[in-house]
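**Q** What follows is a single structure, and I will ask about it in a moment.
The values are calculated or read from the model by the stated rules, or taken from the named source; none is laboratory data. Since we're looking at a predicted model, the values are computed, not measured. Cβ placement follows ideal geometry from the backbone for every residue including glycine, while neighbour counts extend to all protein chains displayed.
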Amino acid sequence: MPKYSPQTKYDIVPQIVPLRRFRLYPENYVVRPPYQRKSVWSKAMQQGLLDSLFRRYYIPNLVMREVRLGEDSTKREVVDGQQRIATVQAFFAGDVVLPDTLKDVNPALPGKRYSDLPADIREFVDDDLTYNIDLIKGIQDPKKPEDQEIAAAIFWRLQQGETLNYMEKAHARLSSLARNFVVKYADDQQFDYNAYAPVDDNPDKHRFFSVIARNNDRMQHLALLTRLLILEEQEGPADIRDANIMEYIDDYLRPDGIGNDSMETMPHAKRVLGVMNAFYNTFKDDPMVVDGGGMRELRIEYFILSVYLVLRHLTKYYVFSEPERKLFSAFVIEFHRRWRADRHDVDTDILTFSDNRQQTTSEIEIRDQIIRQAFFRFAEKRGQELRTKDENRAFSEYERIAIYRRFNGLCQQCLREGKPEQEARVAWRQYQADHVIPHSQGGPIALENAELLCAYHNLHKGATVAS
């Protein structure tokens, strides 16, 4: 009987690498692959590793993957060992000193930076201190989802001592368009796929996250944005539990998904970004935000989601400009005060709101009904009436003909600029019927709120009131 020997998807080649290579050729090592997050050891942990290195104690093997960028170009991706490499690089750079615990090894070692060491000890560090490497070969294509998934799976299995949460697992779905969207707009760092190198900041991170007081140490911002995407795709309350997030990320897996940012062109993703913009503009001037932190009222996720849904409704159906932003900001502060006042025995709405804190369709609907009704009561008490947007945004063919004849085929903005009628005349097939008071500012779809514009002035007018 032949021996059972299933075919492996990759090969492992043991190697010994001198520590000095991480100082001399740092660009050859991808210390933070795209499926990992940046982590930082404390000084005590870094010095503990240096103590083990100088004592020649056993240190677990680093795991790396060979990544081929071209016919004659490769990099080594660090699957496991990010902080062990970062520590020796920090030591060579002079950012960490040798610990006092090495006094019994050599009294000259404690407190020394690499550059402070005598020549013989620097030579020892350069020539004798090494890491053992398990180099993975055979899954080397950075654009192939299967290769990246195997590398990520190896990483997960090596982290058994530190359980990955659902969002950290979703973060490793590199070929998911949804994953790429939430990483771009909610993560604290990026990854450059062209250079195949990590980027330690993220200029694309949405300003929405600067107004909420919620940490991102376990990818809470990414989870929140994924929930917003689900709510928008479902056009309102939906199941957005942890399992739903994983399912949503996986629903957008694509063969060409790695490095693919095309989700941001999808209508529901555009709508999410639009509401997030309104959210930021509403709260950006709050003293807590100006001071560099988020609003303490916007700390609990289910409360943030409820506020978002009300704002989504308002921006969709009502004029939402500066007066409405001030009103809504004041409402959120007041509603949060009620929520935290611990008077649930007399405030039954708040009791119901608090009792329905789960991320299910039914409980989100209950919260949405309560907080939305509370907002309109708040506005009524303040004597502020919101103007609805007319749902019929376009003029009919009959109305367009009437508008053209009413203005004798002349662009009204051209006339306001002093152009003669001959230059202001617009051919029927080229004219644009537009609102004097823009629809986005509550202008009705009515002939008395219409004017004739040439294509140029209609394009450049935007949502402004004609002067």
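**Q** Kindly establish whether residue 59 is assigned to a helix (DSSP H, G or I) and β-branched (Val, Ile, Thr).
**A** Against the criterion (assigned to a helix (DSSP H, G or I) and β-branched (Val, Ile, Thr)), residue 59 does not qualify.
**Q** Follow-up question, since we're still on this one. Checking the conditions here, which among 357, 367, 372, 377 is in the same structural domain as residue 240 (by TED's automatic domain parsing), modelled with pLDDT of 80 or more and part of a loop (DSSP other than H, G, I, E, B)?
**A** 357
**Q** Kindly indicate the residue of segment 309-328 that is assigned to a helix (DSSP H, G or I) and in contact with a strand residue (DSSP E or B) (Cβ under 9 Å, 6 or more places away or on another chain) and also farthest from residue 382 (Cα to Cα) among those meeting that condition. Show your work before the answer.
**A** In the first step, residues of segment 309-328 are kept if they are assigned to a helix (DSSP H, G or I); the result is 309-317, 322-328.
Then keep just the ones that are in contact with a strand residue (DSSP E or B) (Cβ under 9 Å, 6 or more places away or on another chain); that gives 317, 324.
Working: 317: 20, 324: 12 Å.
Within segment 309-328, the match that is farthest from residue 382 (Cα to Cα) is 317.
**Q** I'd like to verify a number: residues in segment 195-210 that are exposed (fewer than 14 other Cβ atoms within 10 Å of the Cβ) and free of Cβ contacts under 8 Å to residues at least 24 places away in the same chain, how many?
**A** 5
**Q** Is it the case, given these coordinates, that residue 2 is of a type outside the set (Phe, Trp, Tyr), part of a loop (DSSP other than H, G, I, E, B) and within 24 Å of residue 150 (Cα to Cα)? Lay out the reasoning, then the answer.
**A** Numbers: of a type outside the set (Phe, Trp, Tyr): yes; part of a loop (DSSP other than H, G, I, E, B): yes; within 24 Å of residue 150 (Cα to Cα): no.
No: the conditions fail for residue 2.
**Q** Could you tell me which residue of segment 182-238 is nearest to residue 262 (Cα to Cα), considering only residues that are of a type in the set (Ser, Thr, Tyr) and within 14 Å of the chain's Cα centre (by Cα)?
**A** 185
**Q** Has segment 161-183 got at least one residue that is among the hydroxyl-bearing types (Ser, Thr, Tyr), surrounded by 24 or more Cβ atoms within 10 Å (Cβ to Cβ) and modelled with pLDDT of 95 or more? Talk me through it step by step, then tell me what you get.
**A** Filtering segment 161-183 down to residues among the hydroxyl-bearing types (Ser, Thr, Tyr) leaves 163, 166, 175-176.
After this cut, where a residue has to be surrounded by 24 or more Cβ atoms within 10 Å (Cβ to Cβ) as well, the list is 176.
Restricting the remaining residues to those that are modelled with pLDDT of 95 or more gives 176.
Yes, because at least one residue in segment 161-183 is among the hydroxyl-bearing types (Ser, Thr, Tyr), surrounded by 24 or more Cβ atoms within 10 Å (Cβ to Cβ) and modelled with pLDDT of 95 or more.
**Q** So which residues in segment 38-65 are surrounded by 16 or more Cβ atoms within 10 Å (Cβ to Cβ) and more than 17 Å from residue 133 (Cβ to Cβ)?
**A** 41, 46, 47, 50, 51, 54
**Q** Scan (1) small (Gly, Ala, Ser); (2) within 19 Å of the chain's Cα centre (by Cα); (3) assigned to a helix (DSSP H, G or I); (4) surrounded by fewer than 16 Cβ atoms within 10 Å (Cβ to Cβ) for the single condition residue 362 breaks and write down its number.
**A** Only one criterion is unmet by residue 362, namely (2).
**Q** Is there any pair linking a residue in segment 448-467 that is over 12 Å from residue 435 (Cα atoms) to one that is at pLDDT below 85 and among the aromatic types (Phe, Trp, Tyr), with Cβ under 9 Å and at least six apart or on different chains, and which?
**A** So the pair list comes out as 454/431; 455/431.
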